[in-house]
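Just below is one structure, and these are the notes that go with it.
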Amino acid sequence: MDITFDQLRYTYASGVEALRGVSLAVPTGQRLAIVGQNGAGKTTLVRHLNGIFRPTSGTVRIGDWTTTDKQIAELSARVGYVFQNPDEQLFARTVRADVAFGPKNLGFDEQRASELVDAALARTALTREADAHPHHLSLSERKRVAIAAVLAMDTPIVVLDEPTTGQDERGVRMVASITNELAAEGRTVIAITHDMDFAAENFERVIVMAQGEVHADGEPGEVFSHTDALAKAAVEPPQLMRLARELGWRAHPLTVESFVAQLAKKPQ
Amino acid sequence: MIRLRGVSYAYPDTANYVLADLDLSVGQGEVVGVVGASGAGKTTLAKIIAGFIPSIEGGVLSGDIDVNGVAISSLTLSEAVAQVGLVIQNPFNQISGAKFTVLEEIAFGLENTGVPREEIAERVQAVAKQLRVDHLLDRSPYALSGGQMQLVAIASMVVMRTPVLVMDEPTSQLDPGGSRMVFDIISQLTDLGTTVLIFEHKIELLREHADRVAVLADGRITAEGAPRAILSDPRLEKWAIGTTRYTRAGLAARDTGLAPVTGELPVSMPDAVEFFGPSGKH
């Protein structure tokens, strides 16, 4: 399901212009990472997808829908949004009830809902915590509950707002494999992240935002080599690209494998 | 100064010990970083040092917990709060809920300590400026972004000037610039003699700013020492803590014969430039 942002502007009641004309097309099944400083407009942008924000001007289209014609509840059938802070999202007394809320609300029959909930819990390694109260879990576990709650809604578009913060290495790898599995199923994954290594290794497209505008857009290797645009947006390239630059290499290795392959080519 | 000896703890109504016979010391003016997987007991340990466990959350706690030479168990909660500032993991929960503006929020703790009104105002302004939240002082704490809220939560503890600060993932909501600013402020505080224990996932920052690093796994400290030595240990992958790409590249280069097998692996960019660069070991 394609997404189009067309000349999207959003101004807060305080007068702050959070988005200043963003135009962007995100085709079905793409893995898109949005990077930029705190306050760049990233969260404001993605919250237009599920109708939490409505454009001050411009349009947002999801498939054949224009978001302004739809209620939040309708949009939630197409866009699953995982909040940055799980405590804004979770409310039920058990993990299972929280994860089951979405599919029940979308009107899925009992059996399908229960299958989706089981699959979402298994994918986020929470099966054993199904009966626990979310508030007895750690913050990183609650974040996984929030992800499970969105996976269980089986939406064609999944938006992850800072999915790796507070996660240990196992959690980061889990989010990475969920991202890749969703894309393999033909679902679109949009993630906001400050973790450039996570973005470089798991997303096919990266956009850099600063002051409510898109400053760079393309494949990670290309975007992260635009040092001027990155500096303006106060974004640092992934670790190994920074290292390659520091070593005076012309190559832009995104992964450990490509870095080592490049190293092997150098005269020792 | 923090000194923990033989600390064990189980939450109420559970038989499992979250912490088991844990030893850890932080000297005055020192920054010690603790890394550990989710569920390793980092947040529990932070609350124990601050005296919130067992006084608020209950459970079975044993062992010696001394802060500045005094057993934390011998202090009332308000005496403990004057000794140890705790920046909790989720800034949304640090906000008191009792105040209407960021200014009042940062001043909240000081208002209960008998500090004169004018001094409170000065200290709040200075800390807000230091953490670059001075433009937010009139806003509601609930109108802030996650990153702004985290800086306000840190400000509300730094303003107290406690001799010990315990910070539980204080940069989780911050971008790289904001994270570095927080670590710079920690350095300024330790220069003034503040003792800092910080739980943090950002390994590159700990490599640059911590005096020592300890690994928390299975409820105890399983490794402790100089930041580069500890943070480049490949066992960090097994412990689900992870290593930087510099370390992984160094290890992969070693495995393929492109780097010497002895010496410390790189953790940060300067380490890696030295490790891989023309003036490096190969």
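Return the residues of the range B:232-272 that are polar (S, T, N, Q) and more than 10 Å from chain A (Cβ to nearest Cβ); say none if nothing qualifies. Explain how you work it out, then say what you get.
Filtering the range B:232-272 down to residues polar (S, T, N, Q) leaves B:232, B:243-244, B:247, B:256, B:262, B:268.
B:Ser232, B:Thr262, listed by residue number.
Taken over the range A:1-22, the criterion of being out of contact with any Ser or Thr (no Cβ under 8 Å at 6 or more places or on another chain) and touching a residue at least 12 places away in the same chain (Cβ under 8 Å) is satisfied by A:Arg20, A:Gly21, A:Val22.
Just the residues that are surrounded by fewer than 22 Cβ atoms within 10 Å (Cβ to Cβ) and more than 13 Å from the chain's Cα centre (by Cα), please, taken from the range B:207-218. Write out each step before concluding.
So in the range B:207-218, the residues surrounded by fewer than 22 Cβ atoms within 10 Å (Cβ to Cβ) come out as B:208-209, B:211-212, B:217-218.
Hits for the range B:207-218 are B:Glu208, B:Ala217, B:Asp218.
The rows are residues; the columns are (1) closer than 20 Å to B:Ser179 by Cα; (2) surrounded by fewer than 19 Cβ atoms within 10 Å (Cβ to Cβ).
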| residue | (1), (2) |
| --- | --- |
| A:Phe203 | no, no |
| A:Met209 | yes, no |
| A:Glu222 | no, yes |
| A:His226 | no, yes |
| A:Gly248 | no, yes |
| A:Val260 | no, no |
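Against the definition (closer than 24 Å to A:Arg47 by Cβ, surrounded by fewer than 23 Cβ atoms within 10 Å (Cβ to Cβ) and hydrophobic (A, V, I, L, M, F, W, C)), how does A:Ala234 come out, yes or no? Let's see the steps before the verdict.
Working: closer than 24 Å to A:Arg47 by Cβ: yes; surrounded by fewer than 23 Cβ atoms within 10 Å (Cβ to Cβ): yes; hydrophobic (A, V, I, L, M, F, W, C): yes.
Here the answer is yes, as A:Ala234 does meet what is asked.
When the residues of the range A:170-196 are filtered to those that are crowded, with 21+ Cβ neighbours inside 10 Å and either assigned to a strand (DSSP E or B) or among the acidic types (Asp, Glu) (or both), the one that is farthest from the other protein chains (Cβ to nearest Cβ) is A:Thr188. Taken together, B:Ala126, B:Ala121, B:Ala107 contain a single residue that is in a helix (DSSP H, G or I), surrounded by 15 or more Cβ atoms within 10 Å (Cβ to Cβ) and among the small types (Gly, Ala, Ser), which is B:Ala107. When A:Asp64, A:Asp109, A:Asp98 are checked against the criterion of being under 23 Å from A:Thr179 (Cβ atoms) and not hydrophobic (A, V, I, L, M, F, W, C), a single residue qualifies: A:Asp98.
In the set B:Val87, B:Val60, B:Val67, only one residue is within 14 Å of chain A (Cβ to nearest Cβ) and touching a residue at least 40 places away in the same chain (Cβ under 8 Å); that residue is B:Val87.
In the condition set (1) touching a Lys or Arg at 6+ places or on another chain (Cβ under 7 Å); (2) part of a helix (DSSP H, G or I); (3) not hydroxyl-bearing (Ser, Thr, Tyr), B:Ala240 is compliant with all but (2).
Could you please let me know if A:Gln262 is under 22 Å from B:Thr256 (Cα atoms), of a type in the set (S, T, N, Q), without any contact (Cβ under 8 Å) to a residue 60 or more places away in the chain and more than 9 Å from every other protein chain (Cβ to nearest Cβ)?
Details: under 22 Å from B:Thr256 (Cα atoms): yes; of a type in the set (S, T, N, Q): yes; without any contact (Cβ under 8 Å) to a residue 60 or more places away in the chain: yes; more than 9 Å from every other protein chain (Cβ to nearest Cβ): yes.
Answer is yes for this residue.
Looking only at residues that are part of a helix (DSSP H, G or I) and touching a residue at least 24 places away in the same chain (Cβ under 8 Å) in the range B:250-274, which one is surrounded by the most Cβ atoms within 10 Å (Cβ to Cβ)?
B:Gly250
Looking at A:Ala199, A:Ala251, A:Ala229, can you tell me which residue is modelled with pLDDT of 95 or more and more than 12 Å from every other protein chain (Cβ to nearest Cβ)? I'd like the intermediate steps shown before the answer.
Working: A:Ala251 fails: modelled with pLDDT of 95 or more; A:Ala229 fails: modelled with pLDDT of 95 or more.
Testing whether each residue is modelled with pLDDT of 95 or more and more than 12 Å from every other protein chain (Cβ to nearest Cβ) leaves just A:Ala199.
Only one entry in B:Lys47, B:Lys42 is surrounded by 18 or more Cβ atoms within 10 Å (Cβ to Cβ) and out of contact with any strand residue (DSSP E or B) (no Cβ under 6 Å at 6 or more places or on another chain), namely B:Lys47. Does the range A:80-88 contain at least one residue that is surrounded by fewer than 21 Cβ atoms within 10 Å (Cβ to Cβ) and modelled with pLDDT of 95 or more? Taking every residue of the range A:80-88 in turn, none turns out to be surrounded by fewer than 21 Cβ atoms within 10 Å (Cβ to Cβ) and modelled with pLDDT of 95 or more. The set of residues in the range B:140-173 that are free of Cβ contacts under 8 Å to residues at least 24 places away in the same chain and either in contact with a strand residue (DSSP E or B) (Cβ under 7 Å, 6 or more places away or on another chain) or of a type in the set (A, V, I, L, M) (or both) contains only B:Ala143. Counting the residues of the range A:197-212 that are touching a Ser or Thr at 6+ places or on another chain (Cβ under 8 Å) and part of a helix (DSSP H, G or I) gives 5. Scanning the range B:187-216 for residues that are away from chain A (no Cβ under 11 Å), of a type in the set (A, V, I, L, M) and under 23 Å from B:Pro266 (Cβ atoms) yields a total of 7.
Being in the same structural domain as B:Gly29 (by TED's automatic domain parsing), under 28 Å from A:Lys143 (Cα atoms) and part of a helix (DSSP H, G or I) is a condition met by at least one residue of the range B:68-91.
Of all positions in the range B:8-27, at least one carries a residue that is among the aromatic types (Phe, Trp, Tyr), within 12 Å of chain A (Cβ to nearest Cβ) and in contact (Cβ under 8 Å) with a residue 24 or more places away in the chain.
Inside the range A:37-60, residues that are out of contact with any Phe, Trp or Tyr (no Cβ under 6 Å at 6 or more places or on another chain) and basic (Lys, Arg) make up a count of 2. Of all residues being touching a helix residue (DSSP H, G or I) at 6+ places or on another chain (Cβ under 6 Å) and away from chain A (no Cβ under 14 Å) in the range B:41-57, which is farthest from B:Gln150 (Cα to Cα)? Just the residue, please. Within the range B:41-57, the match that is farthest from B:Gln150 (Cα to Cα) is B:Ser55. Residues of the range B:120-139 that are over 19 Å from B:Met167 (Cβ atoms), in contact with a helix residue (DSSP H, G or I) (Cβ under 8 Å, 6 or more places away or on another chain) and not basic (Lys, Arg): B:Ile120, B:Ala121, B:Val124, B:Gln125, B:Asp134, B:Leu136, B:Leu137, B:Asp138.
The values are calculated or read from the model by the stated rules, or taken from the named source; none is laboratory data. This structure is a prediction, so every number in the text was calculated from the model and none was measured. Ideal geometry is used to build each Cβ from the backbone, glycine not excepted, and the neighbour counts take in all protein chains shown.
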